[in-house]
Amino acid sequence: MTKFKPFIVLAALLFAVTLVVPALLVIPFTEGKVSGKLGEELKTETKKTETAAEIPQGPAIEVGVYRLAQKKLETVPLEEYIVGVVASEMPAEFEEEALKAQALAARTFIVKQMMNKDSVELPEGALVYDTVTHQVYKNENELKQIWGSDYKWKIQKVKDAVNSTRGQILTFDGSPITASFFSTSNGFTENSEAIWPNSVPYLKSVESKWDLESPKFNGREVLTVQDFERKLGVNLPSDSTIGTVTERTAGQRVAKVEINGKTVSGQDIREKLGLKSTDFTWERKGENIIINTQGYGHGVGMSQYGANGMAAEGKSYKEIVAHYYKGVEIAASDQLLTKVTAKK
């Protein structure tokens with residue numbers, strides 16, 4: 001048995017070396033307290049940008065809003081601005097998914113404005129007005145006065161809708177769209193070229209049956225014959241006729257009317273007579289002209305009452321915007337906003 005002792009001793013020495021050497025290699029690094037946790041945390045962080053709703057909007061993204069009534073500039077964080085717009089442009093009583101769709105449209109509008117200001121002249125430092133020229137905006141103090149005892153639940157509902165779509169905008173071919181919206185259609189939305197100079201591929205006429213239940217669907221205006229002639233610059237014939245519709249739009253609204261030999265566009269008639277819609281009929285009774293309208297607003301883009309009707313049927317905000325803006329995508333706004341801040 002003794003002849004195996006050298007081998008036992010050698011094995012013991014080798015075993016001791018295997019224990020000591022790794023320990024010697026680790027000791028110089030223990031004082032620095034380095035571990036693999038940093039790499040693991042970095043990997044976890046990179047996954048946090050998977051959905052657009054999780055993208056944070058930093059405090060550097062602010063909107064300069066010129067308050068026309070107060071004649072002063074108010075600078076607010078982007079998402080706070082969106083809350084003020086949604087609260088002002090759509091009733092808080094509306095369905096949550098409709099409010100989300102409105103938030104998406106409002107955010108898309110302002111991001112597009114940040115990237116490329118429109119031709120409206122603005123005071124120094126302002127990006128938008130707080131009126132329908134751009135988007136109606138009211139701050140929280142103003143909303144408290146307007147909503148009174150309902151303020152708490154209304155503002156929370158609006159904020160929830162805005163936060164649910166945080167970082168999301170609507171794009172077409174990679175660029176923010178003109179996310180136009182209006183109150184109530186006549187049962188159909190309108191092609192953009194019926195109202196504005198250009199044909200826009202995602203602003204096309206679609207059916208909007210939900211609007212028929214809107215409290216703003218029907219409207220009426222009564223004008224004297226004299227006021228009618230003066231405002232439109234026409235002379236009515238001596239008989240009881242007023243005019244003949246010669247052309248209609250894709251949204252079944254009045255495109256052109258011939259009045260005693262003069263052609264007038266439906267859009268001009270709406271603006272000059274202060275009508276709620278270009279879908280109108282009229283009749284002459286004595287020295288008055290009674291004009292009945294269907295729908296409220298220009299009719300291009302998303303109908304707000306239509307959006308609420310869709311939401312009440314269980315449609316999501318994504319389904320709502322896909323219905324009213326054809327061929328658009330919901331995309332993250334972070335890269336576009338990064339370009340905006342880089343220019344400052």
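Just a few scattered comments:
- Listed from fewest to most Cβ neighbours within 10 Å, the set 184, 178 follows the order 178, 184.
- Using a cutoff of 8 angstrom between alpha carbon atoms and counting only pairs six or more residues apart, the relative contact order for the range 218-294 works out to 36 percent.
- Cβ-Cβ distance of residue 284 and residue 216, R₀ of 22 Å, FRET efficiency by 1/(1 + (r/R0)^6): the value works out to about 0.30.
- FRET efficiency estimate (nearest 0.05) - Cβ-Cβ, residue 316 to residue 153, R0 22 angstrom: 0.50
- The range 144-187: C-alpha gyration tensor shape, a/c 1.5 cut-off, then a/b vs b/c: oblate
- Stretching residue 117 away from residue 72 to a fully extended chain increases their span by 14.2 nm, per 0.36 nm per residue minus the current alpha-carbon distance.
- When each of 303, 88, 192, 208 is scored by the number of other beta-carbon atoms lying within 10 Å, the sequence from fewest to most is 88, 192, 208, 303.
- Cut-off under 5 Å, modelled amide H: who pairs with residue 300 long-range: 190
- Within the range 255-294: backbone nitrogen closer than 12 Å to the residue 227 label point (7 Å, Cα to C-beta): 273-275, 288-291
- Within the range 252-296, backbone nitrogen closer than 12 Å to the virtual label 7 Å beyond the Cα of residue 240 toward Cβ: 283-287
- Cross-link table 138/272; 154/315; 231/256; 204/315; 117/159, entries beyond 18 Å C-alpha to C-alpha: 138/272; 154/315; 204/315; 117/159
- Assuming charge only on the beta carbon of Lys and Arg (+1) and of Asp and Glu (-1), the dipole of the range 218-294 about its Cα centre is about 180 debye to the nearest 20.
- In Hz, Karplus ³J(HN,Hα) per residue of the range 238-248 (6.51, -1.76, 1.60; θ = phi - 60°; x = Gly, Pro): 5, 7, 7, 6, 10, x, 10, 6, 9, 7, 10
- Legend: P(r) of the range 218-294 from all alpha carbon pair distances, 10 Å bins from 0, whole percents, reading 20, 60, 19, 1.
- For residue 218, residues with placed amide H under 5 Å, excluding near neighbours: 295
- Packing-based ranking, highest mean first, of 227-234, 62-69, 258-265 given that Cβ atoms within 10 Å are counted: 62-69, 227-234, 258-265
- Where the Cα pairs of the range 209-344 fall when distances are cut into 5 Å bins, in %: 2, 9, 15, 17, 13, 10, 9, 8, 7, 5, 3, 1, 1, 0
Throughout, read-outs are computed from the coordinates displayed, never taken from laboratory work. The structure displayed is predicted, hence computed values, not measured ones. Every residue, glycine as well, gets a Cβ built from its backbone with ideal geometry; the counts of neighbours run over all protein chains shown.
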